[in-house]
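Asker: Sending over a structure as structure tokens; questions will come in a sec.
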Amino acid sequence: MSGLRITEAHRGLRQPSRREMAATLALSALGLALPAALTGPALAQAPDRVVVAGGVITEVIYALGLQDRIVGVDSTSQFPSEALKDKANIGYVRALSAEGVLSLKPSLIMLIDGAGPPDAVSLLNESGVKIAHIRDGLTPEGVTTKIAAIGAAIGAAAPAERLAAQTKARFDELATLRSGLAKKKRILFLLSLQNGRAMVGGRNSSADGIIALAGGINVADGIEGYKPMTDEAIAAAAPEMVLMMRNSSAHNITPEELFAMPAFSQIPAAASKRLVHMDGLYLLGFGPRTPMAARDLMAAIYPEAAIPPLKTAAAP
């Protein structure tokens with residue numbers, strides 16, 4: 001599966017000090033000897049103690065009804081809400097502790113692209129526990145491949161393929177809605193305001209991906225990823241709507257506050273105070289709910305178009 005890379009480490013003679021370090025960590029956390037390379041029946045067994053680092057992975061596993069296999073999740077696993085209530089929290093996806101992960105005695109560790117830090121991931125790779133590295137695709141094809149890869153890793157390939165097909169049908173319906181838009185509007189994704197400086201979502205970011213799916217134009221496409229944008233650049237970009245996440249009080253700036261700032265006071269969005277907040281994981285998670293999130297964003301961008309709900313969203 002193109003979205004999945006499995007690493008199954010075992011003892012070896014190369015780099016002994018690194019191996020010993022990983023082995024010691026695994027032994028102390030698991031109370032088990034390190035296995036040899038996993039082969040045969042061991043590979044066929046569905047993992048029953050899964051630790052997840054990546055909110056979208058957690059979301060897919062819950063959508064497959066396999067949440068009972070999860071023993072730990074990272075702090076981005078905010079959907080469904082019971083995940084962080086019912087499962088052990090291993091911390092932020094980019095600041096993992098290898099010892100903390102291994103203390104949960106996992107039979108499978110699932111890591112989304114960008115999970116880290118690198119030293120912790122390296123130790124996990126060398127611990128003897130099976131690792132599934134999941135690519136975080138930001139296109140319809142990337143999402144469906146991701147769903148299938150997660151299912152393959154957890155031993156539920158057929159149900160995951162069905163979920164992927166269902167998700168593809170929703171993306172196809174979304175594309176039909178997008179093709180009916182008369183004129184694309186210019187959108188700025190504002191991640192945060194730090195000391196008055198705007199941090200925005202540029203090209204190849206999840207914000208860029210969702211704006212495109214919703215039929216908008218990302219005015220920050222001259223920037224790579226998430227980076228600051230100057231007041232002058234924001235004014236020149238002339239966004240017709242500003243989009244932000246609604247995850248914390250820090251992100252819930254009001255339209256009055258935003259458009260009173262010099263950088264935003266003269267842009268087209270200021271005339272009608274077009275500021276939209278959406279839940280962060282729903283908006284940027286790029287999982288099974290993404291077609292619906294893109295549809296909701298499209299409806300917010302183009303209220304005059306009366307965008308209908310996705311008919312395929314009601315499919316079981």
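Asker: In segment 153-163, is there at least one residue being at positive phi and not charged (D, E, K, R)? Outline the logic, then answer.
Answerer: To start, the set of residues in segment 153-163 that are at positive phi comprises 155.
Cutting the leftovers down to not charged (D, E, K, R) gives us 155.
Yes, the conditions are met somewhere in segment 153-163.
Asker: Here are some residues: Ala313, Ala299. Which one is in a helix (DSSP H, G or I) and either of a type outside the set (A, V, I, L, M) or at pLDDT 95 or above (or both)?
Answerer: Numbers: Ala313 fails: either of a type outside the set (A, V, I, L, M) or at pLDDT 95 or above (or both).
Result of the check over Ala313, Ala299: Ala299.
Asker: Are any of the residues in segment 166-189 closer than 14 Å to Leu284 by Cβ, free of Cβ contacts under 8 Å to residues at least 60 places away in the same chain and crowded, with 24+ Cβ neighbours inside 10 Å?
Answerer: yes
Asker: Something else about it: Which of the residues belonging to segment 293-307 are out of contact with any Pro (no Cβ under 8 Å at 6 or more places or on another chain) and of a type outside the set (Val, Ile, Thr)?
Answerer: Taking segment 293-307 and keeping what is out of contact with any Pro (no Cβ under 8 Å at 6 or more places or on another chain), we get 293-294, 296-307.
Ala293, Ala294, Asp296, Leu297, Met298, Ala299, Ala300, Tyr302, Pro303, Glu304, Ala305, Ala306, listed by residue number.
Asker: List the number of the failed condition for Ser122; all other conditions in (1) closer than 24 Å to Leu284 by Cα; (2) at pLDDT 95 or above hold.
Answerer: (1)
Asker: Do you know which of the residues in segment 273-284 that are in a loop (DSSP other than H, G, I, E, B) and at pLDDT 95 or above is farthest from Gly65 (Cα to Cα)? Steps first, answer last, please.
Answerer: Filtering segment 273-284 down to residues in a loop (DSSP other than H, G, I, E, B) leaves 273-274, 279.
Now narrow it down to the ones that are at pLDDT 95 or above: 273-274.
Working: Lys273: 42, Arg274: 38 Å.
Selected residue: Lys273.
Residue by residue, here is whether (1) in a helix (DSSP H, G or I); (2) among the aliphatic types (A, V, I, L, M); (3) within 28 Å of Arg135 (Cα to Cα); (4) assigned by TED's automatic domain parsing to the domain that holds Gly114 holds:
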| residue | (1), (2), (3), (4) |
| --- | --- |
| Ile253 | no, yes, no, no |
| Ala263 | no, yes, no, no |
| Ala270 | yes, yes, no, no |
| Phe286 | no, no, yes, no |
| Ala293 | yes, yes, yes, no |
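Asker: All but one of (1) among the hydrophobic types (A, V, I, L, M, F, W, C); (2) touching an Asp or Glu at 6+ places or on another chain (Cβ under 9 Å); (3) touching a residue at least 60 places away in the same chain (Cβ under 8 Å) hold for Ala220, so report the exception by its number.
Answerer: (3)
Asker: Identify, from the list Val60, Val52, the residue that is buried (at least 20 other Cβ atoms within 10 Å of the Cβ), of a type in the set (A, V, I, L, M, F, W, C) and not in a helix (DSSP H, G or I).
Answerer: Working: Val60 fails: not in a helix (DSSP H, G or I).
Only one candidate qualifies: Val52.
The values are calculated or read from the model by the stated rules, or taken from the named source; none is laboratory data. Only a predicted model underlies this, so the values are computations on that prediction, with no experimental measurement involved. Every residue, glycine among them, receives a Cβ derived from its backbone with ideal geometry; neighbour counts consider all protein chains shown.
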